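Take a look at the structure below.
The values are calculated or read from the model by the stated rules, or taken from the named source; none is laboratory data. Keep in mind it's a predicted model, so treat the numbers as computed, not measured. Here the Cβ positions follow ideal geometry from the backbone for every residue, glycine too, while neighbour counts run over all protein chains shown.
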Amino acid sequence: MVKAVKGTLIECDPAAREVLLKVNQKEKFIIEELDSTHLFITSSHLERVRGVLDQLMNDNTYKIDTPS
């Protein structure tokens with residue numbers, strides 16, 4: 001019998017994938033790891049994944065302070 005699961009396919013670079021795998025250990029939102037750049041996740045966690053990746057980008061972006 002076929003089992004259907006509703007989810008969302010996301011594409012990310014390998015570094016972001018590793019971060020999501022680490023977060024998944026606590027929150028369990030990844031349904032399937034397809035390859036090194038694609039994950040199939042539960043649709044209800046899409047906003048959480050976006051938040052995690054946005055935070056990662058903000059933390060790893062160099063900001064230049066310009067004089068006033």
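Brief remarks on what is shown
- Test: residue in the stretch 10-25 that is in contact with a strand residue (DSSP E or B) (Cβ under 6 Å, 6 or more places away or on another chain) and free of Cβ contacts under 8 Å to residues at least 12 places away in the same chain: yes
- Any hit, the stretch 11-34, residues being among the small types (Gly, Ala, Ser) and modelled with pLDDT of 90 or more: no
- Members of the stretch 23-55 found to be under 10 Å from the mean Cα position of the chain (by Cα) and part of a helix (DSSP H, G or I), listed by number: Val23, Asn24, His45, Leu46, Glu47, Arg48, Val49, Arg50, Gly51, Val52, Leu53, Asp54
- Scanning the stretch 7-48 for residues that are under 23 Å from Asn60 (Cα atoms), exposed (fewer than 12 other Cβ atoms within 10 Å of the Cβ) and hydrophobic (A, V, I, L, M, F, W, C) turns up just one, Ala15.
- Tally, over the stretch 49-68, of residues that are surrounded by fewer than 10 Cβ atoms within 10 Å (Cβ to Cβ) and of a type in the set (Gly, Ala, Ser): 1
- Looking across the stretch 1-15, the residues that are within 14 Å of Leu46 (Cα to Cα) and out of contact with any Ser or Thr (no Cβ under 7 Å at 6 or more places or on another chain) come down to Leu9, Ile10.
- Among the numbered conditions (1) in contact with a helix residue (DSSP H, G or I) (Cβ under 6 Å, 6 or more places away or on another chain); (2) part of a loop (DSSP other than H, G, I, E, B), the only one that Val2 does not meet is (1).
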